[in-house]
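Colleague: Have a look at this one.
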Amino acid sequence: MKNIVTARAHTNIALIKYWGKTDIALNIPTTSSLSMTLEPFYTTTSVEFTDNESDSLILNSAMEDSSRVSKFLEMMRGQYGNFPKVMIQSENHVPTAAGLASSASSFAALTAAMFGLLDLEKDDSEMSRIARRGSGSASRSIFGNFAVWNKGENHQSSFAESFYNKDIGLSMIVAEISSEKKKMSSTKGMQLAQTAPTYGAWVEKSAIQLAEMKQAILQADIEKVGLIAQDNALGMHEQNRLCLEPFDYFTSETQRVVDFTKECYKAGLLAFVTIDAGPNVKIITDHATEKILLIKLKAEFPELTFDIARAGGAYEYL
Ligand code: DP6
């Protein structure tokens, strides 16, 4: 066994969202989902065994509450046999918990690092299943470019796989509206959303949209990718507003960026939005349009920070 293992995994943004569970303990989703892995946003995680009495987590050089990762490591001890306590050191190159899905890159990197530390076979499907137990969206961050998480119905059948390992020229411009920690966790948010009377219809539509999305990606039809992703994401946020205890991740600034992006599309640019469990907006466009769109966005929203992200790679050991 190695003394210390370091792995990196990139975050991913879902074009067809995961927003609801049929099994909360196992993170079995109500929908299959599809994502793009992002190059500039990633987590690097090192793990080593320690004689300490508990698992520990140092995130961006600060000691953090380790209860969530400790629960994850306990699950791994149950799966692969008992092992000593683990010291985790993690660097997040993602605005933490502001809807840029840092839990995805974090649990994917931790899973990869632990597979290395425990000398487990590097089977992508098994790594995806294990990452899923930490955070559902992490199941997709094992893979580069595009990944599909087939929802399955139990631990064994619910894992992601590489969907299309090519760059189709898609770009995302991330509008950082707030880097504050989100008020409602995605775990809690999706649980509430499932009480919306329209939730079942969103789930049904999502299955149709997934099939259409796969086709659009294979055809490198970015307009179609954007239109479907936008509808799917706005539908997800509708469930939050219509559920029994309504809530909203949008701020007024989020809405302004959404409206402006729609105007850009009407004016003939490839520009579509997707939004996760936070106020930030990811604008879907293509490599040819990203610069002109960025100039327009910066002119309209001088107070915001924008980053251009293209497709990134699978997890790797450093
Ligand atoms: C809106 O994976 O963070 O980003 O499984 O409870 O940890 P848990 O949830 P999480 O949810 C991500 C939700 C989303 C959509 C998506 O990534 O598919």
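The values are calculated or read from the model by the stated rules, or taken from the named source; none is laboratory data. Computed from a prediction, not measured in an experiment: that's the story for all the values here. For neighbour counting, all protein chains shown are included, and Cβ atoms are generated from backbone atoms with ideal geometry for every residue, glycine included. Protein only, heavy atoms only, side chains kept; ligands, DNA and RNA dropped before computing areas. Shrake-Rupley method; radii C 1.70, N 1.55, O 1.52, S 1.80 Å.
Colleague: So in the range 144-154, with the set limited to residues that are open to solvent by less than 10 Å² (accessible area, probe 1.4 Å) and not β-branched (Val, Ile, Thr), which one is farthest from the ligand (Cβ to nearest atom)? Talk me through it step by step, then tell me what you get.
Modeller: Of all residues in the range 144-154, those open to solvent by less than 10 Å² (accessible area, probe 1.4 Å) come to 144, 146-149.
Checking which are not β-branched (Val, Ile, Thr) leaves us with 144, 146-147, 149.
Values: Gly144: 16, Phe146: 13, Ala147: 11, Trp149: 8 Å.
For the range 144-154, the residue satisfying everything is Gly144.
Colleague: May I pose another question? Taking the conditions exactly as written (open to solvent by less than 40 Å² (accessible area, probe 1.4 Å), within 16 Å of the ligand (Cβ to nearest atom), in contact with a Ser or Thr (Cβ under 7 Å, 6 or more places away or on another chain) and not assigned by the TED database to the domain that holds Val69), does Ile173 satisfy them or not?
Modeller: Working: open to solvent by less than 40 Å² (accessible area, probe 1.4 Å): yes; within 16 Å of the ligand (Cβ to nearest atom): no; in contact with a Ser or Thr (Cβ under 7 Å, 6 or more places away or on another chain): yes; not assigned by the TED database to the domain that holds Val69: yes.
So Ile173 fails the test.
Colleague: Is there any pair with a first residue in the range 145-168 that is modelled with pLDDT of 95 or more and of a type in the set (A, V, I, L, M) and a second that is open to solvent by 80 Å² or more (accessible area, probe 1.4 Å) and assigned to a loop (DSSP other than H, G, I, E, B) whose Cβ atoms are under 9 Å apart and which are 6 or more apart or on different chains, and what are they?
Modeller: From residues that are modelled with pLDDT of 95 or more and of a type in the set (A, V, I, L, M), the pairs are Ile168/Gln219.
Colleague: For the range 285-318, enumerate the residues that are surrounded by 16 or more Cβ atoms within 10 Å (Cβ to Cβ) and part of a loop (DSSP other than H, G, I, E, B).
Modeller: Thr289, Phe301, Leu304, Gly312, Ala314, Tyr315, listed by residue number.
Colleague: Anything in the range 31-57 that is open to solvent by 40 Å² or more (accessible area, probe 1.4 Å) and not in a loop (DSSP other than H, G, I, E, B)? List them, or say none. Outline the logic, then answer.
Modeller: First pass over the range 31-57, keeping only residues open to solvent by 40 Å² or more (accessible area, probe 1.4 Å): 39-40, 42, 48-49, 51-54.
Matches in the range 31-57: Glu39, Pro40, Tyr42, Glu48, Phe49.
Colleague: Examine the range 12-30 for a residue that is away from the ligand (no atom under 11 Å from the Cβ), closer than 27 Å to Ile283 by Cα, of a type in the set (D, E, K, R) and surrounded by fewer than 21 Cβ atoms within 10 Å (Cβ to Cβ), and state whether such a residue exists.
Modeller: Within the range 12-30, none of the residues are away from the ligand (no atom under 11 Å from the Cβ), closer than 27 Å to Ile283 by Cα, of a type in the set (D, E, K, R) and surrounded by fewer than 21 Cβ atoms within 10 Å (Cβ to Cβ).
Colleague: Now, a different point. Being out of contact with any strand residue (DSSP E or B) (no Cβ under 7 Å at 6 or more places or on another chain), free of Cβ contacts under 8 Å to residues at least 40 places away in the same chain, within 16 Å of the ligand (Cβ to nearest atom) and farther than 30 Å from Thr198 by Cβ: is that true of Asp51 here?
Modeller: Details: out of contact with any strand residue (DSSP E or B) (no Cβ under 7 Å at 6 or more places or on another chain): yes; free of Cβ contacts under 8 Å to residues at least 40 places away in the same chain: yes; within 16 Å of the ligand (Cβ to nearest atom): no; farther than 30 Å from Thr198 by Cβ: yes.
No, not satisfied.
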